[in-house]
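Asker: To start, I am sharing the structure in question, which I have written as structure tokens.
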Amino acid sequence: MLVLASASPRRRELLAQVGYRFEVYPAHIPEDPLPGEDPIVYVTRLARQKAEAVFSELTSRPSPPKDCLNGQFVVLGADTTVTLDNAILGKPEDAADAARILRLLSGRTHRVITGVALVTAKGAEVAAEVTAVRFLTLSEADIAEYIATGEPMDKAGAYAIQGRAARWIPRIEGCYFNVMGLPLALVCSLLESCDY
């Protein structure tokens, strides 16, 4: 049994796209970075904490999932952040914050980092994927129109590469699916390595 410890509809779509059957149990943990925390350390820590929290919750139930007993119980946690000059740019707090983030990304290359963690009865496997994303220069009108769509509001870095922001991204270096929130090749490799 594979469990996705995330409420993200994009992660659900991506995991289903590659043929996995899974259940969804979102983790509820604080997601604030620690003071001075490196972005890769931050996302891998959160991915692991999410997966461990859900694994612990499900296996401590009076009637745990039956796959807990045969070693085929795997919890997948993930967390994505956007960084510019090694500063973490999370989800915008409001429209003004979204505009601030988009102005920072305008005309520059930033990094999208996703931490992934698989937790089983045997322990945890943790990894991260990094993708460089180039943005065209955005006008104030571009930013205002995009924010008015509502799309940036629940996204790290205040944009969705698979949405309207695609028009401003001439190139990426690395995994496209990582920018959406789940680096599929990395996740599949981790699942294969734990014999799932």
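The values are calculated or read from the model by the stated rules, or taken from the named source; none is laboratory data. If you're wondering where the values come from, they're calculated on a predicted model, not measured in any experiment. Quick reminder, even Gly has a Cβ in these numbers, built from the backbone with ideal geometry, and neighbours come from all protein chains shown.
Asker: Considering every residue within region 128-145, establish whether at least one is under 19 Å from residue 46 (Cα atoms), in contact with a strand residue (DSSP E or B) (Cβ under 6 Å, 6 or more places away or on another chain), at pLDDT 95 or above and of a type in the set (Gly, Ala, Ser). Step through it out loud before you land on a result.
Answerer: To start, the set of residues in region 128-145 that are under 19 Å from residue 46 (Cα atoms) comprises 128-131.
From what's left, in contact with a strand residue (DSSP E or B) (Cβ under 6 Å, 6 or more places away or on another chain): 128-131.
Pick out the ones that are also at pLDDT 95 or above and you get 128-131.
The next check asks that each one be of a type in the set (Gly, Ala, Ser); those that pass are 128.
Within region 128-145, one or more residues are under 19 Å from residue 46 (Cα atoms), in contact with a strand residue (DSSP E or B) (Cβ under 6 Å, 6 or more places away or on another chain), at pLDDT 95 or above and of a type in the set (Gly, Ala, Ser).
Asker: Still on this structure, I have one more. If you check residue 97 against the conditions, is it touching a residue at least 60 places away in the same chain (Cβ under 8 Å), more than 30 Å from residue 59 (Cα to Cα) and over 14 Å from the mean Cα position of the chain (by Cα)? Give the derivation first.
Answerer: Working: touching a residue at least 60 places away in the same chain (Cβ under 8 Å): yes; more than 30 Å from residue 59 (Cα to Cα): yes; over 14 Å from the mean Cα position of the chain (by Cα): yes.
Spelling it out, residue 97 is indeed touching a residue at least 60 places away in the same chain (Cβ under 8 Å), more than 30 Å from residue 59 (Cα to Cα) and over 14 Å from the mean Cα position of the chain (by Cα).
Asker: Can you list the strands (runs of 3 or more DSSP E) lying wholly within region 31-129 that have 2 or more residues being surrounded by 13 or more Cβ atoms within 10 Å (Cβ to Cβ) and at positive phi?
Answerer: Numbers: elements: 74-84, 87-89, 109-120.
Correct list: empty, since no element meets the threshold.
Asker: Ok, one more. From 185, 166, which residue is exposed (fewer than 15 other Cβ atoms within 10 Å of the Cβ), out of contact with any helix residue (DSSP H, G or I) (no Cβ under 9 Å at 6 or more places or on another chain) and among the hydrophobic types (A, V, I, L, M, F, W, C)?
Answerer: Details: 185 fails: out of contact with any helix residue (DSSP H, G or I) (no Cβ under 9 Å at 6 or more places or on another chain).
Unique residue meeting the criteria: 166.
Asker: Is it the case that some residue within region 125-134 is over 18 Å from residue 175 (Cβ atoms) and out of contact with any Cys (no Cβ under 9 Å at 6 or more places or on another chain)?
Answerer: Checked region 125-134: no residue is over 18 Å from residue 175 (Cβ atoms) and out of contact with any Cys (no Cβ under 9 Å at 6 or more places or on another chain).
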